[in-house]
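Participant: One structure, pasted below without further comment.
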Amino acid sequence: MAYSLVFSNILFRPMRTLATILAIALEVVLILLVVGLTRGMVNENARRLQGIGADIVTQPPGTSFFLATNTSAMVEKIADVLKTVEGVDAVAPVAVQLNTQGDLGLIYGINLESFNRITNGFNFISGRPFEKPYEIIIDDIQATSKKLKVGDEIKMLNHAFRVSGIVEHGKGSRVFLPLKTIQELTGTPGKVSLMYIKCASPDQIPQVTEKLKQKLPGYTVLPMAEFVSQVSSASTNLAALRYFLNTVIFISTIVGFFAIFLAMYTAIAERTRDIGILKSLGASKRFVLSVFMKEAFLLSGLGLLLGIAFSLLTQMILRQVLPNMQVELDADWMLKAALIAFLSAGLGGIYPALRAAGKDAIDALAYE
Amino acid sequence: MKNILEAIDVKKIYRVGKIEVPALRGVSLKMREGEFISIMGPSGCGKSTLLHVLGGLTQPSEGKIIIAGEEISSAKDGVRTEIRRRNIGFVFQRYNLLPTLSAAGNLEIAREIYGNGKGKQDESHIHEVLNLLGLKNKVKHKPSELSGGEQQRVAIARAVINKPAILLADEPTGNLDSENSEIVLSMLQELNRKFSQSIIMITHNPEAAAMANRLIEMRDGKIVPQDHDVSWNPKEDEIYI
C-alpha cells in the first residue's frame with residue numbers, strides 16, 4: 001500500500017536519504033564489527049589454545065582464563081612434581097606476557113623441548129627454532145601482517161629480537177620466546193603463568209585432573225576442553241566484555257534512532273501540505289501513519305543492507321591486510337543487528353509519523 | 001432526482017484565542033444528483049469554509065450535513081474520513097498534486113486510498129477520464145513538468161477517478177489563464193454531462209459560474225436568498241443534450 005509514494009518520497013531528497021542510510025549503516029557496522037572483532041579474537045584465541053594439543057591446563061590460585069591479565073605466579077619447578085603424577089605424559093610450563101609494543105597480543109615464553117612434547121612440535125615454514133636468548137619464533141599470520149621474515153629484527157618487551165623461524169599458526173600464541181629470556185625480562189625468574197599437561201591417554205583426563213587437584217589445592221586445574229569453552233564464551237560470560245558490547249550496541253541504537261527521528265521529523269515538516277492532500281483524498285490516520293513508518297523502515301532496511309555489505313567488505317580487507325585481526329560475522333548477529341536497526345527505526349519514526357497522522361487537514365493544506 | 005447532499009442550518013465558528021469568528025451563520029442547501037452548482041461571493045464570505053464542511057474536512061459547529069444518505073456533521077473523524085473517501089472528490093485552486101509522484105502516481109494513490117490498498121477499481125473508467133481530460137500522454141510526468149492547466153486537469157482526474165458522489169472544486173480556475181480556465185471549465189461541464197457528476201464549484205468568475213446549472217451567492221457566512229435554478233442558466237441546452 002502506497003509504496004510508490006514511499007519510494008518517491010525517499011528519492012525526492014537524495015542527500016538526506018543518503019545521510020540517513022549512512023547513519024543506519026554506521027549503526028549496523030558498529031554493532032557487527034565490534035561484536036565480530038571481539039568474537040573473532042576470542043574464538044581465534046580459543047582455536048589456538050585447542051591447537052596446542054594439551055589435555056589439562058593448570059593455573060595458580062586466583063588467576064583468570066583471560067590469560068592477558070595474569071602474571072607469572074607459579075613456580076616452574078612444580079612441573080617436575082606434576083610429571084610424577086600417574087597418567088601424566090608431559091608438562092609444559094609457559095610464561096604468558098601481554099605485548100603492548102606495536103600491537104596487542106600474547107607472547108609465550110616456552111621451553112622448546114617440553115612445549116614440543118605437548119604440541120608434537122612446530123611446523124616450520126622457514127628458519128629454525130630459537131637457539132640464542134634473543135631469538136624469536138613467530139607464526140605465519142604474524143609474519144604476514146607485520147611483513148616479517150627470518151633474520152628480521154623486532155622490538156618486544158623493550159628489547160630487540162631476531163626472527164629465527166616462522167611456523168604454521170595455531171599453537172597457543174603467535175609469538176614465542178625462550179622461557180628463560182621472558183622470565184628475566186619480566187623479573188620473574190623461575191616463575192610461569194600456567195602449565196599445559198598431556199596425559200598418557202585421553203581416557204585418563206578425568207582421573208589425572210582429580211589427582212592434580214589433590215596435588216595442587218587452590219590451583220585451577222581444568223580439562224583443556226573446559227578451559228577452551230570458557231575462553232570461547234568470554235564475550236557472553238565475561239562481565240566487562242559484555243558491558244562493553246552492550247554499551248556499543250546501545251550507542252549504535254541511539255545513533256540509528258536519531259538518524260531516523262531527524263530525517264522523518266524534517267520530512268514531515270516539509271511535507272505538511274502533502275499530508276493535507278492525502279487527507280483530502282480520504283486517507284485515514286492509519287494510512288498516513290503507515291506511509292511515514294514504511295519510509296522509516298525502508299530507510300532502515302537500506303541502511304542495514306549497506307551496513308552488512310560494508311562489514312563484509314571490511315572483514316575481507318582485514319583478512320588481507322591484517323590477518324591477525326579476526327572478524328567473525330555470523331548470521332545470528334546480522335539478524336540481531338537487523339532487529340536493532342528496525343527497532344531504532346520504529347522508535348525514531350513513530351513520533352513524527354503520529355504527528356503527521358494527527359495533523360488537521362485544513363491547516364495542513366494551508367501550510368506554505 | 002434524489003438529493004445527494006443536504007445541509008441544514010450549518011454554522012461554523014472559528015476561535016482565535018478568546019475571540020469567536022463566525023465563518024458560516026446558518027447555511028441550508030440541497031443538491032440534486034447530477035447537479036452542477038457554482039458558489040460566488042466576496043472573499044471571506046465563507047465559501048471555502050462551506051466547501052470544507054460539506055467535504056468533511058472539518059466539523060460544523062452547529063447544523064446537519066447529509067451526504068448520500070449519511071450524516072457527516074456529527075460523525076467522528078474516522079467516520080468522516082470514510083464518508084469523504086467514498087463520496088467526495090476535491091479540486092483546489094493550487095492543484096495540490098503530490099509533487100514527488102507522477103500524474104499516474106497521483107491517480108494511483110487516490111485509487112489506493114479509495115480501495116484501502118486492496119483490489120483494483122474500474123480500469124475502463126480511468127481510461128475514459130484520462131481521455132476526456134486529454135491526459136493520455138502526460139501520465140508519466142511529474143507535476144513540476146506540467147503546465148498549470150495540465151496540473152489542474154490531473155487534479156480533476158484524481159478527484160473523479162473513484163466516481164465520487166460529489167466533486168467539490170474550490171476556485172479551480174483561480175490560478176489559470178483564460179485559455180486554460182476555459183479548458184478546465186469545459187472539462188468540468190463535460191464530466192457533469194457525460195458522467196452526471198454532481199459538482200459544487202466556488203468561483204469569482206461570473207462567466208465560470210454561468211456554466212453551472214445553479215448559482216448560489218454567499219455573503220457574510222450566509223446564502224443570499226436569490227437561488228437561481230436550472231432555468232436561469234442560459235447555456236442549459238448545451239449542458240443537457
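No lab work stands behind these numbers, since they all come straight from the coordinates. What you see is a predicted model; the values in this text were computed from it and never measured. Heads up, the Cβs are rebuilt from the backbone with ideal geometry, glycines too, and the neighbour counts pull from every protein chain shown.
Participant: As a test of understanding, state the convex hull volume per residue of the range A:291-368 from its alpha carbons, in Å³. Each step should come with its number before you reach the end.
Facilitator: Values: hull volume 8.0 nm³, N = 78.
Expressed per residue, the convex hull around the Cα atoms of the range A:291-368 is 102 Å³.
Participant: While we're on this one: In whole Hz and in residue order, list the ³J(HN,Hα) couplings for the range A:305-321 that follow from phi through the Karplus curve 6.51 cos²θ - 1.76 cosθ + 1.60, θ = phi - 60°; x for Gly and Pro.
Facilitator: With coefficients 6.51, -1.76 and 1.60, one gets 4, 5, x, 5, 4, 5, 5, 5, 5, 4, 4, 5, 5, 4, 4, 7, 8 Hz.
Participant: Work from the charge dipole of the range A:180-231 (Cβ charges, +1 for Lys and Arg, -1 for Asp and Glu, about the Cα centre) and give the residue of A:Q183, A:M195, A:V231 farthest towards its positive end.
Facilitator: A:Q183
Participant: Express in whole angstrom the spacing between the alpha-carbon centres of the range A:244-290 and the range A:195-215.
Facilitator: What the calculation gives is 62 Å, centre to centre.
Participant: Right, next: Nearest 0.05, what FRET efficiency do A:N116 and A:Q230 give at R0 = 30 Å with Cβ-Cβ as r?
Facilitator: Numbers: r = 26 Å, r/R0 = 0.86.
E between A:N116 and A:Q230, to the nearest 0.05, is 0.70.
Participant: Turning to a different aspect of this structure: For the range B:1-151, build the convex hull from the C-alpha positions and give me its volume per residue in Å³.
Facilitator: Here the figure is 161 Å³ per residue.
Participant: Extending each Cα 7 Å along its Cβ direction at A:D203 and B:K30, get the distance between those two points in nm, one decimal.
Facilitator: For A:D203 paired with B:K30, the spin-label model returns 10.7 nm.
Participant: In addition: What is the distance in Å between the Cα centres of the range B:1-43 and the range A:116-132?
Facilitator: Using only Cα atoms, the two centres lie 98 Å from each other.
Participant: Using alpha carbon coordinates only, what is the Rg to Rh ratio of the range B:6-55, with Rh defined as the Kirkwood radius?
Facilitator: Values: Rg = 12.3 Å, Rh = 12.1 Å.
Checking Rg against Rh, the ratio lands at 1.02.
Participant: As I understand it, the value is the acute angle between the Cα axis of helix A:3-12 and the longest principal axis of the Cα atoms of chain A; what does it come to in degrees, rounded to 10?
Facilitator: It works out to around 80 degrees.
Participant: Could you pull out which residues in the range A:6-31 have an amide N less than 17 Å from a spot 7 Å beyond the Cα of A:F250, following the Cα-Cβ vector?
Facilitator: The answer is A:31, whose backbone nitrogens lie closer than 17 Å to the label point.
Participant: Let me ask you something else. Expressed in nm², what is the orientationally averaged projection area of the convex hull enclosing the Cα positions of the range A:80-141?
Facilitator: Working: hull surface 22.3 nm².
Mean shadow area of the hull around the Cα atoms is 5.6 nm².
Participant: Could you please report the charge total around B:K2, scoring K, R as +1 and D, E as -1 over all other residues with beta-carbon less than 15 angstrom from its beta-carbon? Let's see the in-between values first.
Facilitator: Numbers: positive: B:K30, B:R32; negative: B:E6, B:E33, B:E35, B:E70.
Here the charged neighbours net out to -2.
Participant: Continuing with the same structure: Among residues other than A:S4 whose Cβ falls under 10 Å from its Cβ, what is the net charge (Lys/Arg +1, Asp/Glu -1)? Before the final figure, lay out each step's value.
Facilitator: Numbers: positive: none; negative: B:E108, B:E112.
Overall, the nearby charge balance is -2.
Participant: Hey, what number do you get for chain B at 222 nm if only DSSP H runs of n ≥ 4 count, each worth -39500 (n - 2.57), divided across all residues, to the nearest 500? Don't skip to the end; give the middle numbers.
Facilitator: Values: 8 runs with 80 residues, N = 241.
Value at 222 nm, helices only, nearest 500: -9500 deg cm²/dmol.
Participant: Moving to a separate point now. Could you give the dipole magnitude of chain B about its Cα centre, charging the beta-carbon of Lys and Arg +1 and that of Asp and Glu -1, in debye to the nearest 20?
Facilitator: Details: 32 positive and 31 negative charges, 173 e Å.
Dipole magnitude for chain B comes out near 820 debye.
Participant: Now for a different question. Taking every DSSP beta bridge that has both residues in the range A:132-182, what percent is antiparallel when rounded to the nearest 5?
Facilitator: On the way: 7 of 12 bridges.
Antiparallel bridges: around 60 percent, rounded to the nearest 5.
Participant: Within 10 Å of each candidate Cβ there may be at most 14 other Cβ atoms; applying that plus a DSSP loop requirement, which GluC sites (Glu not before Pro) in the range A:71-159 survive?
Facilitator: Numbers: sites: A:E76, A:E86, A:E113, A:E131, A:E135, A:E153; in loops: A:E76, A:E86, A:E131.
Passing sites in the range A:71-159 are A:E86, A:E131.
Participant: Okay, next question. With +1 on the Cβ of every Lys and Arg and -1 on the Cβ of every Asp and Glu, and nothing else charged, how large is the dipole of the range B:48-87 about its Cα centre, in debye rounded to the nearest 20?
Facilitator: My answer is approximately 120 debye.
Participant: Still on this structure, please answer the following. Once the other residues with Cβ under 12 Å from the Cβ of B:E171 are scored (Lys, Arg +1; Asp, Glu -1), what is the net sum?
Facilitator: Net local charge, B:E171 excluded: +1.
Participant: Given the convex hull over the Cα atoms of the range B:114-228, what projected area results after averaging over all orientations, in nm²?
Facilitator: Values: hull surface 34.7 nm².
In nm², the orientation-averaged hull projection of the range B:114-228 is 8.7.
Participant: So which residue, out of A:T100, A:T181, A:T38, gets the largest mean-square fluctuation from a GNM of chain A using Cα contacts under 10 Å as springs?
Facilitator: A:T100
Participant: How many Å³ per residue does the convex hull of the Cα positions in chain A occupy?
Facilitator: Details: hull volume 59.9 nm³, N = 368.
Here the figure is 163 Å³ per residue.
Participant: So, one more: When only C-alpha pairs under 8 Å and at least 6 residues apart count, what is the relative contact order of the range B:119-221, in percent?
Facilitator: Details: 77 pairs, mean separation 25.7, N = 103.
RCO, the range B:119-221: 25 percent.
Participant: For the protein assembly as shown, what is the charge dipole size about the Cα centre, in debye to the nearest 20, if Lys and Arg each add +1 at the Cβ and Asp and Glu each add -1 at the Cβ? Write out the running numbers ahead of the final one.
Facilitator: Details: 66 positive and 60 negative charges, 173 e Å.
Here the size comes out at about 840 debye.
Participant: Report the trypsin sites (Lys or Arg not before Pro) located in the range A:129-201 that are in a DSSP loop and have at most 14 other Cβ atoms inside 10 Å of their Cβ, or state none.
Facilitator: Details: sites: A:K146, A:K147, A:K149, A:K155, A:R162, A:K171, A:R174, A:K180, A:K191, A:K198; in loops: A:K146, A:K147, A:K149, A:R174.
Listed in order of number, the matching sites are A:K147, A:K149.
Participant: Helix-derived [θ] at 222 nm for chain A: sum -39500 (n - 2.57) over DSSP H runs of at least 4, divide by residue count, nearest 500?
Facilitator: Working: 14 runs with 211 residues, N = 368.
The helix contribution divided over chain A gives -19000 deg cm²/dmol.
Participant: In the protein assembly as shown, what % of DSSP beta bridges are antiparallel (nearest 5)? Walk me through the numbers before you get to the answer.
Facilitator: Details: 52 of 78 bridges.
Once the DSSP bridges in the protein assembly as shown are tallied, antiparallel ones form about 65 percent.
Participant: Got the relative contact order for chain A handy, in percent, Cα pairs under 8 Å and 6 or more residues apart? Could you put the intermediate results ahead of the total?
Facilitator: On the way: 648 pairs, mean separation 106.4, N = 368.
For chain A, the relative contact order is 29 percent.
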